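Visitor: Before I ask anything, here is the structure I am working with.
The values are calculated or read from the model by the stated rules, or taken from the named source; none is laboratory data. Since the structure is predicted, the reported quantities are computational estimates derived from the model, not experimental observations. In this analysis, Cβ positions are derived from the backbone assuming ideal geometry, glycine residues included, and neighbour counts consider all displayed protein chains.
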Amino acid sequence: MTSSTSIPRSARAAIVTAFDQPIVLKNDHPVTQPSELSPDECLVKLEYAGVCHSDLHVVKGEWYKKAVLPVVGGHEGVGHVVAIGAHTLNSEIKLGDRVGLRWIANPCLRYG
């Protein structure tokens with residue numbers, strides 16, 4: 001399911017490319033497209049994103065298991081759902097819902 005919101009192919013992102021080095025700002029970071037979403041995944045158009053102390057630990061490589069680089073920083077935010085993965089059943093989340101993203105919802109195990 002996709003809303004009428006236009007979903008760009010790329011967006012601006014702050015990317016950690018090496019530990020304890022300056023963050024790289026890119027204007028052409030790929031945006032996941034609705035057809036690439038798995039069931040129970042959604043795409044959120046962020047209105048606000050935050051950087052918290054855990055982001056600084058990622059940049060410095062201070063976690064027990066280091067992040068797999070490159071990684072996009074800023075994992076907390078607020079926005080609206082603009083797409084939901086095909087074959088999603090009985091979701092409480094609907095297109096257009098305003099949602100908040102916390103630092104961990106379902107761990108992807110990329111960070112251990």
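Visitor: Does residue 105 satisfy the condition of being loosely packed, with under 10 Cβ neighbours inside 10 Å and either at pLDDT 95 or above or at negative phi (or both)?
Guide: When the stated conditions are applied, residue 105 passes them.
Visitor: Additional query: Residue 85 - would you say it is modelled with pLDDT of 90 or more, of a type in the set (Gly, Ala, Ser), within 12 Å of the chain's Cα centre (by Cα) and on the phi < 0 side of the Ramachandran plot?
Guide: no
Visitor: Test residue 96 against the criterion of being within 20 Å of residue 13 (Cβ to Cβ) and either of a type in the set (Gly, Ala, Ser) or in a helix (DSSP H, G or I) (or both), and give yes or no.
Guide: no
Visitor: Here is a follow-up. Mind listing just one residue for me: the one in segment 18-71 that is under 16 Å from the mean Cα position of the chain (by Cα), hydroxyl-bearing (Ser, Thr, Tyr) and assigned to a loop (DSSP other than H, G, I, E, B) and, of those, surrounded by the fewest Cβ atoms within 10 Å (Cβ to Cβ)?
Guide: Looking at the filtered set, the residue picked out is 38.
Visitor: Follow-up. So which residues in segment 68-93 are among the small types (Gly, Ala, Ser) and closer than 14 Å to residue 21 by Cα?
Guide: Answer for segment 68-93, where residues must be among the small types (Gly, Ala, Ser) and closer than 14 Å to residue 21 by Cα: just 73.
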